[in-house]
Each structure stands twice: as structure tokens, then as C-alpha cells.
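Structure first, commentary second.
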Amino acid sequence: MKKLKEKIVKEGKTIGETILKVDSFLNHQVDVELMQEIGKKFAEHFRDKNITKVVTIESSGIAPATMVAMQLKVPLLFLKKQKPNTLQDEFLQTTVYSFTKERFYELMVAKKYVEKEDRVLIIDDFLANGEAGLGAIRLMEEAGAKVVGVGIVIEKAFQPGRSKIEEKGYEVYSLARIKRIEEGHIEFVEEN
Ligand code: G4P
């Protein structure tokens with residue numbers, strides 16, 4: 001997605017050769033117009049998949065996922081990383097390891113928000129090692145729903161996330177794929 005890539009080049013800050021900070025439009029402040037276009041792009045791609053629910057992970061996945069859900073006119077469900085005191089319902093839980101943050105965390109969802117008939121589209125802001133995405137897939141499948149695809153705003157194609165998710169048989173669709181980060185320069189994967 002041209003506009004997204006231009007925004008990344010203009011406003012992204014690199015940290016070493018692996019981390020891209022995009023706090024000005026995605027991870028802290030949100031560019032809502034860009035998010036809306038991102039939502040349309042995902043909706044266009046997944047429109048014929050009969051999606052009944054968009055699922056993301058708090059917190060940074062919520063902005064793009066909301067826009068997709070709005071376009072597809074389905075509910076947005078976000079997985080929680082902490083069990084709230086108010087979560088009285090029966091819930092499902094899975095442990096995820098973050099290679100970037102070097103720690104384990106939990107992903108949780110109340111069972112009542114996932115139906116066996118649900119066809120789920122998972123949306124996330126970044127794809128790095130794929131552990132968050134795989135955790136979300138595990139939870140949805142455990143709840144009996146069908147995951148029909150994974151949509152990613154920014155994929156770091158030099159990390160193994162895509163292949164780990166594709167190996168399990170799920171489609172990954174990313175709007176910007178970064179091939180490498182070198183001396184502050186961001187190189188994208190060529191699109192055909
Ligand atoms: P994974 O998401 O592919 O499993 O990779 P990993 O566990 O390594 O990533 C952990 C967290 O770090 C995720 O956010 C992920 O989005 C974020 N992340 C990974 N690489 C980058 C990067 O280059 N730039 C930025 N900005 N974020 C990156 P999180 O902990 O879920 O945070 P949040 O959603 O609450 O903001």
C-alpha cells in the first residue's frame with residue numbers, strides 16, 4: 001500500500017537493524033484517515049471470505065482492526081493481555097512468548113464472544129516472529145471458530161512470522177513488507 005509505505009519512510013524511526021518505531025501514526029498517536037484507508041484495503045482483500053468477526057490483540061491492533069470491522073460491518077473483538085477483575089465469564093487463555101520483548105504474556109478471550117460458526121479475520125499492527133498471531137489463532141480454534149486469514153499492517157519480512165503462520169495453513173496478507181533495515185534506511189519487498 002503506497003500511502004502506508006510513504007508514511008513509514010517519512011515518519012518511521014529505526015532502532016538498529018530490527019526495530020521500526022511508528023509512534024506518530026500507529027503505535028501511540030493514530031492517523032485515523034490512514035487507518036480508514038487501511039481498513040478499506042483489508043476489507044477489499046477479504047470481502048469474499050464471509051467474515052463474521054474481526055479479532056485483534058490489544059493495544060495497537062485495535063485502531064486498524066476497528067476500521068476493518070467497520071468496513072465489513074461485523075463486530076471487533078480484541079484479545080486481552082491481562083485478566084480484568086470484571087471478567088467473570090468463562091474464558092480461554094494461551095501463553096505467548098515475545099522475542100522482541102523477551103518475555104511471556106497471556107492472551108485471553110471470553111468464550112461467549114466466539115461462536116462455533118464464526119469465520120474470523122485476525123488483524124494486527126506488526127508481524128515479527130508470529131507468536132502473537134499464532135496465539136490468537138490457537139485461541140480462536142480452541143473456541144471452535146474458523147480463522148480465514150491474517151491481515152498485517154507492517155510485516156518485517158526478514159523475521160520468521162509469515163512462514164510460521166503460513167506453515168500452519170493460514171493466509172497472511174500484509175500492507176507493507178519490510179525487507180531490511182540498514183543504517184536507518186528502510187527497504188521494502190518488491191510487489192508485483
Ligand atoms: P510477534 O508480534 O510477531 O509475535 O512478535 P514479537 O512477539 O516479537 O512482538 C512483540 C511486540 O513487539 C508486539 O507488540 C509487536 O507488535 C511489537 N513489535 C515487534 N517488532 C516491532 C517493530 O519493529 N516495531 C514496533 N513498533 N513494534 C514491534 P505488543 O507487545 O503487542 O504491543 P502493543 O500492541 O501493545 O503496542
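Every number here is computed from the coordinates shown, using simple stated rules; none is lab data. Fair warning: this is a prediction, and the values are worked out from it, not measured in the lab. Cβ coordinates were reconstructed from backbone atoms using ideal geometry, including for glycine residues, and neighbour counts include every protein chain displayed.
Exactly which chymotrypsin sites (Phe, Trp or Tyr not before Pro) in segment 67-101 are in a DSSP loop and have at most 15 other Cβ atoms within 10 Å?
On the way: sites: F78, F91, Y97, F99; in loops: F99.
Listed in order of number, the matching sites are F99.
Quick one: net charge around V96, please, counting Lys, Arg +1 and Asp, Glu -1 for every other residue with C-beta under 13 Å from its C-beta.
Numbers: positive: K80, K81, K101, R103, R138, K164; negative: E58, E102, E106, D124, E131.
Combined, the nearby Lys, Arg, Asp and Glu give +1.
The antiparallel fraction among DSSP beta bridges confined to the chain stands at about 45%. Helix 2-11 and the longest principal axis of the C-alpha atoms of the chain enclose an angle of approximately 70°.
Find the relative contact order for segment 43-106 and round it to a whole percent, using C-alpha pairs within less than 8 Å whose residues are 6+ positions apart. Present the calculation step by step, with values, prior to reporting the outcome.
Numbers: 61 pairs, mean separation 17.5, N = 64.
Relative contact order, segment 43-106: 27 percent.
Counted by Cβ distance under 14 Å from G16, the other residues give a net charge of +1, where Lys and Arg count +1 and Asp and Glu count -1. Counting only alpha carbon atoms, the long axis of helix 32-46 and the longest principal axis of the chain meet at about 70°. From its DSSP helices (H runs of at least four residues, each -39,500 (n - 2.57)), the chain gives a residue-normalised ellipticity at 222 nm of -8500 deg cm²/dmol. With both labels modelled 7 Å from their Cα along Cα-to-Cβ, the K80 to E17 distance reads 4.1 nm.
Out of the GluC sites (Glu not before Pro) in segment 22-69, which ones are loop residues according to DSSP with at most 16 other C-beta atoms within 10 Å? All intermediate terms of the calculation are to be shown ahead of the outcome.
Working: sites: E33, E37, E44, E58; in loops: E58.
When the GluC sites (Glu not before Pro) of segment 22-69 are filtered for loop state and at most 16 Cβ neighbours within 10 Å, E58 remain.
For the chain, modelled as a GNM whose springs connect Cα atoms under 10 angstrom apart, the maximal fluctuation among G12, G149, G133 occurs at G12.
Where a ≥ b ≥ c are the square roots of the eigenvalues of the C-alpha gyration tensor, would you call segment 1-145 rounded, which needs a/c under 1.5, or, failing that, prolate if a/b is larger than b/c, or oblate? It would help to have the intermediate numbers written out before the result.
On the way: a/c = 2.04, a/b = 1.27, b/c = 1.60.
Here segment 1-145 falls in the oblate category.
Here the Gaussian network model covers the chain, with springs between Cα atoms less than 10 Å apart; of E90, E155, E182, E90 fluctuates the most.
Listed by Cβ neighbour count within 10 Å, with the fewest neighbours leading, D124, D23, D31, D118 appear as D23, D31, D118, D124.
Between E37 and I62, the distance separating the two model label sites (each 7 Å from Cα on the Cα→Cβ line) works out to 2.5 nm.
Compared with the dominant Cα axis of the chain, that is its longest principal axis, helix 131-142 is turned about 20°.
Centre-to-centre, using Cα atoms only, segment 116-187 and segment 59-87 are separated by 16 Å.
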